[in-house]
Amino acid sequence: MLARRPLRSALLTGAVATLVCAIAPAIASADLPWAACPTAGFECSSLAVPLDRANPAGEQVTLSVSRVKAASNPSNVAVVPLAGGPGQAALPLKQTFASVMQPAIANRDLLVFDQRGTGASGALSCKALSQRGSIVKLSESCANEIGPRRGFFRTADSVQDIEALRVAGGYAKLVLFGVSYGTKVAEDYAAAYPQNVEALVLDSVVLPEGPDPFQRSTLVGAPRVLQDLCAGTACKGATDNVTRDLSSIASKLRKKALRGKVVLSSGKRETLAMGQNDLVAILLAGDLNPTLRAELPGSMRAALRGDAAPLLRLAVRSEGLTTGLSDLTGHAVDEGGDSDALFLATTCEEAPFQWTRAAGVDQRYDEVTAAAQAIPKAQLGPFSPAAAVQGGPIPYCIGWPDASPAPAPSAPLPAVRTLVLDGQMDLRTPYEDAAQIAQRIPGAAVVQVPYTGHSTVSADLTEDSACTKTALATFFAGQTPGPCAASSNPYAPTRRPPTTFGTVNAKGKRNKTILSAASTITDAARQMIGDALALGALPRHVAGLRGGNATIHEDGSFRLNSYQYVKGVVVSGSVDANRNAKVTIHGGGALRGSLRLSASGKITGTLGGKKVSISASASAASAAVRSSADSLPSVKDVLKTPSLLATR
């Protein structure tokens, strides 16, 4: 089987349930002492709050906070962005938050802080999480390393920290802007302090009761997301029935692992196997890397027809195995302050796991397995109870000894102005969950953003992010946002990869050779762009589907190194940042030769000893080259994507 899902993948689910206790803040009203920040336009301060509010004289946590002070703030309101996770630091994103929330901060202050246990607010860390081994044992070791204080990093504690910041900052009310897990914090604060909330903006909603550790809404939502992706003729050339294929491949993977050779980014081949949990991981990874979602329909159809390579490559890419990231967490905890330990502390202490809190691992496993097996099939989509147990936070928390009481039921949400944003393709926090907010907060505006996964303010793929920008501007102008305008999918489903040169969709050997070269270039560009979206930076190498790799340069140009997309057809050469290519091609039945392929569609070169010269508008071959060049956004545009894309 593939390696167990990295902890980063679990962080990205935003899987947490929380308790809010309306405890009065243990500080007096006073102004925070502000000083200039290194970041232009921001002021910095800090506030000490009790770790345990039942012991206000005990250990303190120092919250690091920044603000942008509005020129005029007549209502004395602050906009407070809340990052995801749990475990993501907000201060490294403060400039992105300022840009996203520009319509709100014209006449309100922006107040950004790292929640306790993240970033500059005493980021939790565990030596155990830098080691290799069973995640069950590592999680237990992390809990013991943190000690009893691990019970004080719950959402309820963050809620009280927000109230303490409001009082210390002298604000009358707050606008809370939550992304993913941050929506849970915002909702719980609003339930505890409704009189102090001017408005809520909830992006990628975690419901007040917290997400289901069994991920039922994700499992049930998968067929709907793929059906939306393939609406109309979008999946022509990939599959004629994507939901049928999803059910079929999930059923096969439940019974037997899919095995085959996979090319890694180094160009080396390895034999790997994937099960249904890896299929779920691909679906979730598509939230952040839409190229995975685009390739999935055709890859599932290919696997069902005996070609395992495309689906196995997606499994590898979804796990981050083609990068140089750590084996356990899938990423190195950097100076940005994202904390795996905080994710464990909050999630494992709060989520409503179906086990006895004081029980050991064996009893917990028996109890949660029995609970999963009792779930009606209709609530699991095409997946089995094993996927519900193994695909979410359960493996990370089953060995975590709880240090806090069980969470109380969530409080009702107050009737405050609310804007809900959720991606049509989001499977971490599906739109169906977001739509429930309108039933709980009368008058709440719910906007579904087309072709978008998790964190709409950064992952909105509509032209110039017009949908989310318009919704935010309309909302803060005091009006109700309407639905998004119709748009096209910039990461449309891809065709099923050809298995041999003979199955390339073109007439004649010359055209098949040209299309094989163009498709190879497009495949390498898609892998590069997908990794850049997921990592926030260009990868060094990407793997060919059936052999070789591509070396990526800083400007988005790349070199193909014996790259194979069509089996046996070897393509080498250079591709500039505008997708103009100079390549050689041979093998697999293709004509041997060299080609220059212009992004405009012009093709020149020599194939099979004969000269090739095709104008930009002369043939189906040139149209195919233009289509390949135009089918993906530029690297420059991709790297404009705000860093909130990685929000957990």
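The values are calculated or read from the model by the stated rules, or taken from the named source; none is laboratory data. The model shown is predicted, which means the values in this text are computed figures rather than measured ones. Counting neighbours? That spans all protein chains shown, and the Cβs are built from the backbone with ideal geometry, glycine included. These accessible areas exclude ligands, DNA and RNA; they are computed on the full protein's heavy atoms, side chains included. Shrake-Rupley method; radii C 1.70, N 1.55, O 1.52, S 1.80 Å.
One table, with the values for the structure above:
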read-out	value
Residues satisfying the stated conditions in the range 475-493, i.e. modelled with pLDDT of 95 or more and open to solvent by less than 30 Å² (accessible area, probe 1.4 Å)	475, 481, 493
Criterion violated by residue 582 - all others in (1) at pLDDT 95 or above; (2) of a type in the set (D, E, K, R); (3) part of a loop (DSSP other than H, G, I, E, B) satisfied	(3)
Search result, residues across the range 241-268 that are assigned to a loop (DSSP other than H, G, I, E, B), surrounded by 13 or more Cβ atoms within 10 Å (Cβ to Cβ) and not polar (S, T, N, Q)	257, 264, 267
Verdict on residue 291 being open to solvent by 10 Å² or more (accessible area, probe 1.4 Å) and farther than 18 Å from residue 383 by Cα	no
Which numbered condition residue 592 misses (of (1) open to solvent by 20 Å² or more (accessible area, probe 1.4 Å); (2) of a type outside the set (Phe, Trp, Tyr); (3) out of contact with any strand residue (DSSP E or B) (no Cβ under 6 Å at 6 or more places or on another chain); (4) modelled with pLDDT of 95 or more)	(3)
Residue 458, sole failed condition from (1) among the small types (Gly, Ala, Ser); (2) within 29 Å of residue 294 (Cα to Cα); (3) open to solvent by 30 Å² or more (accessible area, probe 1.4 Å)	(3)
Test set (1) surrounded by 16 or more Cβ atoms within 10 Å (Cβ to Cβ); (2) under 30 Å from residue 288 (Cβ atoms); (3) of a type outside the set (Gly, Ala, Ser); (4) modelled with pLDDT under 95 - residue 637 fails condition number	(1)
Candidate set from the range 269-283 (those that are touching a residue at least 40 places away in the same chain (Cβ under 8 Å) and not in a helix (DSSP H, G or I)); member that is farthest from residue 248 (Cα to Cα)	269
Of all residues making up the range 599-609, the number that are surrounded by 20 or more Cβ atoms within 10 Å (Cβ to Cβ) and assigned to a loop (DSSP other than H, G, I, E, B)	1
Meets criteria (in contact (Cβ under 8 Å) with a residue 40 or more places away in the chain and open to solvent by less than 50 Å² (accessible area, probe 1.4 Å)) for residue 547	yes
Selection count where residues are on the phi > 0 side of the Ramachandran plot and among the hydroxyl-bearing types (Ser, Thr, Tyr), scope the range 75-130	0
Residue 176 being within 27 Å of the chain's Cα centre (by Cα) and touching a residue at least 40 places away in the same chain (Cβ under 8 Å)	yes
Every residue from the range 69-107 that is open to solvent by 50 Å² or more (accessible area, probe 1.4 Å), in contact with a Pro (Cβ under 8 Å, 6 or more places away or on another chain) and in a loop (DSSP other than H, G, I, E, B)	107
Close pairs (6 angstrom Cβ cut-off, 6 or more residues apart or separate chains): modelled with pLDDT of 95 or more in the range 562-575, in a strand (DSSP E or B) and aromatic (Phe, Trp, Tyr) anywhere	571/563; 575/558
Residue in the range 295-302 that is open to solvent by 10 Å² or more (accessible area, probe 1.4 Å), at pLDDT 95 or above and over 20 Å from residue 151 (Cα atoms) present	yes
Residue that is closer than 18 Å to residue 160 by Cβ, out of contact with any Lys or Arg (no Cβ under 7 Å at 6 or more places or on another chain) and of a type in the set (D, E, K, R), where the choices are 116, 67	116
Residue match in the range 619-626 (condition: modelled with pLDDT of 95 or more and under 37 Å from the mean Cα position of the chain (by Cα))	no
Residue match in the range 359-380 (condition: of a type in the set (Phe, Trp, Tyr), out of contact with any Lys or Arg (no Cβ under 6 Å at 6 or more places or on another chain) and either in contact (Cβ under 8 Å) with a residue 40 or more places away in the chain or closer than 18 Å to residue 185 by Cα (or both))	no
Test for residue 275: is it open to solvent by less than 10 Å² (accessible area, probe 1.4 Å) and of a type outside the set (A, V, I, L, M, F, W, C)	yes
Failed condition for residue 66, given (1) closer than 19 Å to residue 149 by Cα; (2) open to solvent by less than 20 Å² (accessible area, probe 1.4 Å)	(1)
